[in-house]
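One structure is given below, encoded as structure tokens.
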Amino acid sequence: MNKQYDHDQQRELDEHSERTQLLPIDQNKLNDDTPRKRKKPTLDEIILVISAVLLSGLSIGFGNGLSVLYPVLVQVFQVDRSIAALVQGTNISLCIAGAVLWTQFIKRYGCGFCIKCGVMVSVISVFLGQFSVNIWMVIVFVGIFTGIGMSIVSLGVIFLVNDVLSDVPWKSAALAAIPVGSSLFQFIFTFLMEVFIEEYGWQGAIMITSALIANMVPLAIKVHEIEKKHNKRKTTQERPKLIFSTVVFKNIRLYLYSVHTFLFGFYAVIETRFLVDLTILRGYERRTGALLVTYLGMANFCARTFGVFLKIAIPGKNLLQMTLFALLNGFTHAIILFFTPYTGLLIGSLLCGFTFGMIMSAWTTAILEVFTAEEFRVAMVAINVIGGIGSLFDSFFGGYIQDVTNSYDLLLLLAIILSGFVVVILIILNILSMRSYRHICIKT
């Protein structure tokens, strides 16, 4: 009972420090009454945040762009949709959850070096994917190997920004800005993939895409240099702890958040993956479906950008934001399910992208609200692993449901139901957070 109370107290004190934007106090100046000045962003910090946005965008955006390739692979290799969907499914799932495979390398070499290695693995794997002679080779190179390489990129940049900007007041805004890149490159890659497939075929599209993501190499080199500079300025005691620890696993919020993440990972991205094929099945051209996914990505980008400014104007309340837009997100699946004409697909796509973007803009900072700074790394990795598993289930069962029923209606109906469970779990997390905050106020 006392341990749980102490944990809640520590978490709320961390949140209070984040909200009031206090900087750490030098131990040698505890008795100094001189007012502390806010730290201005340095050039390296600005470059780090911009590089993190671009790296995150290129790594996750590439996976989202594979939705256009999905129906093409079904026709080229004459395979079931449940199998073809594994290309994008394994890529995105491992991109979300695969960072755990890099744990030992991060302990030994650090995040920056591992990000460089992950980028090289991804570029080479995508390039080799063009030589695939069957669907399983595409799954291995474009799905599995590329996903593993991208995983440390998408998650590692969050760790780096969280560590390097640990003592700046605008850290929450920086963390919220990172996912903006993924939504920006979602509609860029979707549009380009359609153009490349139309002009050069699926193999040419993969080859050109590998050249595009090769732009991650100089960005990865730069963030590694910034990390090395940052570590030189810190003592051994100040450096971030290793990724895994058992402390967070005693926190019931981790299990609630994990269930929420698994369900959300299962249903939240079905439009991103299956909307192109769904559009084709409803009698439209593949280009129309690719355009809808592009619109979805644009709405996602607008929402995440708005979410960054929301963090600056109204700090905190990230769990509440996620709860509200998770509820609205459930209705977007219903629009796509029941409004079959193009207008319904368009409205559903735009609303789906916007609500998903608002949820994701609060994702990282909500984890900082729920867990202490000490638990953040472990919680982030554990939650991402669970979300990746849910995302992988979605890719397989989505294709399987279509193969069996010749429709995605059952998948959309399942998404509506699961969104209700997610909202309930988020309400419980909000209540637990409010109770903990009230206990701190009473003691204060």
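Select from region 144-174 the residues that are closer than 16 Å to L94 by Cα and surrounded by fewer than 23 Cβ atoms within 10 Å (Cβ to Cβ) and write down the one among them that is nearest to the chain's Cα centre (by Cα).
I148
Quick one: which residue in F145, F159 is in a helix (DSSP H, G or I), modelled with pLDDT under 85 and more than 11 Å from V49 (Cα to Cα)?
Answer to the check: F159.
Applying the selection to region 162-172, what residues are among the charged types (D, E, K, R) and either in a helix (DSSP H, G or I) or under 13 Å from N231 (Cβ atoms) (or both)?
D163, K171
Need the failing condition index for Y284 against (1) aromatic (F, W, Y); (2) modelled with pLDDT of 85 or more; (3) part of a helix (DSSP H, G or I); (4) surrounded by fewer than 18 Cβ atoms within 10 Å (Cβ to Cβ), just the number.
(3)
For residues that are among the hydrophobic types (A, V, I, L, M, F, W, C) and free of Cβ contacts under 8 Å to residues at least 12 places away in the same chain, scanning just region 332-369, find the one that is farthest from I417 (Cα to Cα).
F339
Quick one: which helices (runs of 4 or more DSSP H) lie wholly within region 335-434 and hold at least 3 residues that are over 20 Å from the mean Cα position of the chain (by Cα)?
Of the helices (runs of 4 or more DSSP H) lying wholly inside region 335-434, those with at least 3 residues that are over 20 Å from the mean Cα position of the chain (by Cα) span 342-361, 376-405.
For a quick check of your reading of the model, give me the residue pairs whose first member lies in region 139-154 and is touching a residue at least 60 places away in the same chain (Cβ under 8 Å), whose second is among the small types (G, A, S) and not in a helix (DSSP H, G or I), with beta-carbon atoms closer than 9 Å and at least 6 apart or on different chains.
So the pair list comes out as V142/S132.
Mind checking whether some residue in region 305-313 is more than 20 Å from the chain's Cα centre (by Cα), of a type in the set (A, V, I, L, M) and more than 26 Å from E285 (Cα to Cα)?
Among the residues of region 305-313, at least one is more than 20 Å from the chain's Cα centre (by Cα), of a type in the set (A, V, I, L, M) and more than 26 Å from E285 (Cα to Cα), which makes the answer yes.
Look at L13 and say whether it is assigned to a loop (DSSP other than H, G, I, E, B), at pLDDT below 85, surrounded by fewer than 21 Cβ atoms within 10 Å (Cβ to Cβ) and of a type outside the set (K, R).
no
Name the pairs: first residue in region 55-79 and on the phi > 0 side of the Ramachandran plot, second residue among the hydroxyl-bearing types (S, T, Y) and at pLDDT below 90, Cβ to Cβ under 6 Å, at least 6 apart or on different chains?
Hits for this filter: zero, empty list.
Being assigned to a helix (DSSP H, G or I), surrounded by fewer than 23 Cβ atoms within 10 Å (Cβ to Cβ), at pLDDT 85 or above and touching a helix residue (DSSP H, G or I) at 6+ places or on another chain (Cβ under 9 Å) narrows it down to one of S59, S82, S51, so name that one.
Working: S59 fails: surrounded by fewer than 23 Cβ atoms within 10 Å (Cβ to Cβ); S51 fails: surrounded by fewer than 23 Cβ atoms within 10 Å (Cβ to Cβ).
So the residue among S59, S82, S51 that is assigned to a helix (DSSP H, G or I), surrounded by fewer than 23 Cβ atoms within 10 Å (Cβ to Cβ), at pLDDT 85 or above and touching a helix residue (DSSP H, G or I) at 6+ places or on another chain (Cβ under 9 Å) is S82.
Taking region 104-142 as the search range and keeping residues that are in a loop (DSSP other than H, G, I, E, B) and within 30 Å of Q75 (Cβ to Cβ), which one is farthest from the chain's Cα centre (by Cα)?
For region 104-142, the residue satisfying everything is V133.
Only residues that are modelled with pLDDT of 80 or more and buried (at least 23 other Cβ atoms within 10 Å of the Cβ): list them for region 391-401, please.
Of everything in region 391-401, those that are modelled with pLDDT of 80 or more and buried (at least 23 other Cβ atoms within 10 Å of the Cβ) turn out to be G398, G399.
Run down L275, L219 and say which single residue is at pLDDT 90 or above and either of a type in the set (G, A, S) or surrounded by 17 or more Cβ atoms within 10 Å (Cβ to Cβ) (or both).
Among L275, L219, only L219 is at pLDDT 90 or above and either of a type in the set (G, A, S) or surrounded by 17 or more Cβ atoms within 10 Å (Cβ to Cβ) (or both).
State all residues of region 240-253 that are surrounded by 20 or more Cβ atoms within 10 Å (Cβ to Cβ) and at pLDDT 80 or above; if no residue qualifies, say none.
Listed by number, the list holds a single entry, R253.
How many residues are within 24 Å of K222 (Cβ to Cβ), among the β-branched types (V, I, T) and crowded, with 20+ Cβ neighbours inside 10 Å when one looks only at region 99-143?
5
The values are calculated or read from the model by the stated rules, or taken from the named source; none is laboratory data. Because the structure is a prediction, the values reported are computed rather than measured. Positions of Cβ are backbone-derived with ideal geometry, glycine not excepted, and every protein chain shown enters the neighbour counts.
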